[in-house]
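The structure under discussion appears below in the form of structure tokens.
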Amino acid sequence: MIYGWDISTAIIGLSCFQNDGTYEHSFHLDLRKIDGQLSKADEFKKFMKEFLLQNGMENYHFIEERLGGFSAGRTSAQVMMKLAQFNAICSYILWTHDPGPHRAVIYLHPSTWKAVMKREGLLIPKGADKKLLTLEYVKRKVPGFQISLNRNDKPQPWHYDEADAYCIGRAGYLKCIAIGNSPLSEGA
């Protein structure tokens, strides 16, 4: 299985694919009401354990690198460091999860996955709402991608994270296939 992860301290998005790149489904973990990095990490561990025990262990996890998109003035360094720390904690949990070592954690730089997805038709002009455009793109491309609305008729916030996770997982798959160095064909 191939997994794309959008890891943040508020909501974690997860999209799942078959090894041939076929999309299966998306999940999310809402951490907004949980205080503290370690408590959030414990919730992630429970979520991940339950999910991976249901779906087997020969997995490839594509995760966005943190700090790659840092731009002075828009996001504070403190916030970026907190995100990087949580990303590392979650990556470690994925890497060391028992039972078995049959998994790979592969990081994608934000510019890398965005460039791959641009070739797939995801165009985001400067100054545009990146989250909304990404969600609209995934809704168009993936008929099975379900969107629920809140009481204001706007998508629930976790759908943006699931859409980002879809793009990270899809880009990871396409990048591995494109370079002909895919671990995906080795018995997974």
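Points to keep in mind about this one:
- When the range 121-142 is limited to residues that are assigned to a loop (DSSP other than H, G, I, E, B) and of a type in the set (D, E, K, R), the one that is surrounded by the most Cβ atoms within 10 Å (Cβ to Cβ) turns out to be D129.
- Hits in the range 16-30 (condition: over 17 Å from N87 (Cβ atoms) and assigned to a strand (DSSP E or B)): C16, F17, Y23, E24, H25, S26, F27, D30
- Meets criteria (surrounded by 16 or more Cβ atoms within 10 Å (Cβ to Cβ) and either under 19 Å from D6 (Cα atoms) or at pLDDT below 95 (or both)) for I147: no
- Qualifying residues in the range 143-181 (those that are under 16 Å from the mean Cα position of the chain (by Cα) and not in a helix (DSSP H, G or I)) - the one farthest from R119 (Cα to Cα): P157
- Restricted to the range 1-39, and to residues there that are of a type in the set (D, E, K, R) and touching a helix residue (DSSP H, G or I) at 6+ places or on another chain (Cβ under 7 Å), the residue that is surrounded by the fewest Cβ atoms within 10 Å (Cβ to Cβ) is D30.
The values are calculated or read from the model by the stated rules, or taken from the named source; none is laboratory data. What you see is a predicted model; the values in this text were computed from it and never measured. FYI the Cβ positions are ideal-geometry reconstructions off the backbone, even for glycines, and counts take in every protein chain you see.
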